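The next block holds one structure in the form of structure tokens; read it before the comments.
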Amino acid sequence: MKPAYLPVVLILTTALVPAAILHAAAPGHSLSRTTTMPRGVATKIASIIDKAGYRISNPKGPVCSVWLVKDVPIRDKFKPSLSNLYPFTNGQLIGLLQVHPKTGYTDFRGQELKPGVYTLRYGMQPEDGNHVGTSDTADFLLALPARIDQDPKPIFGPQDLSTKSAKSAGATHPAIFSMVTPKGTIKTASVSHDEDHDFWILNIPAAAKTKTRPAKVDLRFIAIGRTSE
């Protein structure tokens, strides 16, 4: 049966001991692969993560690394809208993020994340009037400290998800990474540069699955860069 194909956008930064370079973006950052999983990940979560990850580096060294869930679950018969681009369930586990030392790494809001390992879960921006103009889409990845996020099941309660993510930055606001609008089909993983905003976007063609069949999803999100709002 022919796989379904859905577009998705994911932006992120990665670091770890790399293998072959996949893509060199504009001067400043490059993308490579890693097959070494970070320590400090709960056994149940580690068992469903693809060990082949992605690392983003700058001339000084690794910035961060990202690993995705094997065959990311997606909603069947999903139709994207202007604000909701991705076929994910709120609170579902998408992958892992490792922040490497001495990088001054921040989330999309400019909140600093200390070196360490975080889970990445999908979440929708609240429609409460406090987030108008902060992002073109409502799709985000939220970082949670891996030490407190040990069950791969979705975190359905928005407040619970937000509160746990806020611990990543030691703040009251969750640590977030904005997902961006897909631009055609992604054939090869890459890191691209949005020069207008100085965003570095991670683009990954990811294996996915619906309840009935295998699929593909294009993930794009801003791994490096912050909003001016």
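The values are calculated or read from the model by the stated rules, or taken from the named source; none is laboratory data. All values derive from a computational prediction rather than experimental measurement. Every residue, glycine as well, gets a Cβ built from its backbone with ideal geometry; the counts of neighbours run over all protein chains shown.
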Across region 153-199, the tally of residues that are hydroxyl-bearing (Ser, Thr, Tyr), outside any helix (DSSP H, G or I) and surrounded by 14 or more Cβ atoms within 10 Å (Cβ to Cβ) stands at 4
Filter result (among the small types (Gly, Ala, Ser) and assigned to a strand (DSSP E or B)) within region 85-103: Gly95
Quick one: what pairs do we get from region 143-156, first residue farther than 17 Å from Gly123 by Cα, second among the basic types (Lys, Arg) and assigned to a loop (DSSP other than H, G, I, E, B), C-beta under 9 Å, 6+ apart or different chains? Ile148/Lys167
Considering region 37-64, residues that are charged (D, E, K, R) and in a loop (DSSP other than H, G, I, E, B), and then whichever is surrounded by the fewest Cβ atoms within 10 Å (Cβ to Cβ), we arrive at Lys60
Per the filter on region 113-152, residues farther than 25 Å from Asp71 by Cα, surrounded by 14 or more Cβ atoms within 10 Å (Cβ to Cβ) and modelled with pLDDT under 95 are Thr134, Ser135
Considering only region 135-152, state which residues are over 20 Å from Pro80 (Cα atoms) and in a loop (DSSP other than H, G, I, E, B). Ala146, Arg147, Ile148, Asp149, Gln150, Asp151, Pro152
Residues of region 45-88 being under 18 Å from Leu202 (Cα atoms) and of a type in the set (Lys, Arg), which ones? Lys51, Arg55, Lys70
